[in-house]
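Taken together, the values in this text are just the output of simple stated rules run on the coordinates, not laboratory data. Since the model is a prediction, treat every value here as computed from it, not as a measurement. No Cβ is skipped: glycine too gets one built from the backbone with ideal geometry, and neighbour counts run over all protein chains shown.
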Amino acid sequence: MRYACLCLLSLNLVLLASCSKPPQTPEATPETRIKQIPPADPEKYVSLKDMKAWRNPYLIIRVDGVGLLDVGDNLTQILDPDKLTEALANLPASAWPYGRVVAVQEPNAPNSAEGKARFLKNRALVAGTLKSLDVVITWVPSS
């Protein structure tokens, strides 16, 4: 009798264990997805004379955030600097032909003290974010 109870208990445990869900791998974080992009390959972009030929992400520092330029459509998406990592991570692999490098344009800072402070804060946030992601910055002067 005791043996039958132990067998029944063991069988129940096996059945319960087989019904449990397999452990799920956590979804890759935006930081992890960006760091999976190959490192910057300067040989692919240093010879560019005209930034119109740039194919990697192109950012524009602004008073109201940071602009992410879609080079294909020539449209700019305005982002809060805190959302930059996620926006870059959501770009397809084809958006990074030169590796982990972005062009960053910094137009002239505004004249007002408040506008200049917000502009410089956004510049610092963008530069710090990109540095923490090991993304090389190619600074582009304003046109």
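General remarks:
- The antiparallel fraction among DSSP beta bridges confined to region 28-141 stands at about 50%.
- Extents of region 28-141, largest first, come to 40, 35, 24 Å (Cα atoms, principal axes, whole angstrom).
- Cα centroids of region 128-143 and region 92-121: 7 Å apart.
- Environment charge of Thr85, counting only residues whose C-beta is closer than 13 Å and scoring Lys/Arg +1, Asp/Glu -1: 0
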